[in-house]
Amino acid sequence: MTFNKTEIDGVYIIEPKVFGDSRGFFMETYNENDFKKNGLDYVFVQDNQSKSHKGVLRGLHFQKEHPQAKLVRVVEGEVFDVAVDLRKGSKTYGKWVGVVLSEENKKMFMIPRGFAHGFVVLSETAQFVYKCDDFYHPEDEGGIMYNDPDINIEWPYHGEVELSEKDKKHPLLKESKIEFDL
């Protein structure tokens, strides 16, 4: 695996080694030793999967009292995935980094605790899978608006996005005043 640092400390774009031939391919999607060698010491406790259609935007989500680190990837289709830094005192607080994840490029996105996370589906459908280092607590959900002008995410999908009712009601970052003290 190749661990590529991004402009935000702790966020990585990971490219697995893919071994393919006429029968198909094989790749490791997680190897604890490789992660630890690259300074990423996580214990993942929950795996999740979602399927969405083109234009669905999920996010920007976080858990307030139980923040989660996430290792995300796409097994079908293509999404644009985003992490927004919400760590108290971080020099990149309120900044974002994004990456296209697809079944073709097989890239993974490592998002540490203290970030809001979201994605928009670029293909007709997409299946999105991710590992978390803490359990989901529904009462602990939080979010910020995906189109917050202060964050100014450059979403590559320019059609009408489809949001959940919860995601339509998220506040702007300056209204939420969320900061993770990690």
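The values are calculated or read from the model by the stated rules, or taken from the named source; none is laboratory data. Computed from a prediction, not measured in an experiment: that's the story for all the values here. Positions of Cβ are backbone-derived with ideal geometry, glycine not excepted, and every protein chain shown enters the neighbour counts. Heads up: the accessible areas ignore ligands, DNA and RNA and are worked out on the full protein's heavy atoms, side chains in. Shrake-Rupley method; radii C 1.70, N 1.55, O 1.52, S 1.80 Å.
Points to keep in mind about this one:
- Taking all protein chains into account, the per residue accessible area for the chain stands at 54 Å² (1.4 Å probe).
- Helix-derived mean residue ellipticity, 222 nm - over the chain, DSSP H n ≥ 4, -39500 (n - 2.57), to 500: -1500 deg cm²/dmol
- Using the Cβ-Cβ distance between LYS64 and THR92 with R0 = 25 Å, the FRET efficiency computed as 1/(1 + (r/R0)^6) comes to roughly 0.80.
- Theoretical FRET efficiency, 1/(1+(r/R0)^6), r = Cβ-Cβ of ASP21 and GLU104, R0 25 Å, to 0.05: 0.90
- Of the accessible area of the chain, computed with a 1.4 Å probe over protein heavy atoms only, carbon and sulfur atoms account for 46 percent.
- Counting only Cβ charges, +1 for Lys and Arg and -1 for Asp and Glu, the dipole size of the chain around its Cα centre is about 280 debye.
- Förster-model FRET efficiency, 30 Å R0, ASN33 and VAL129, C-beta, rounded to 0.05: 0.90
- Placing a pseudo-label 7 Å from each Cα along the Cα-to-Cβ vector at ASP9 and GLU139 gives an inter-label distance of 3.4 nm.
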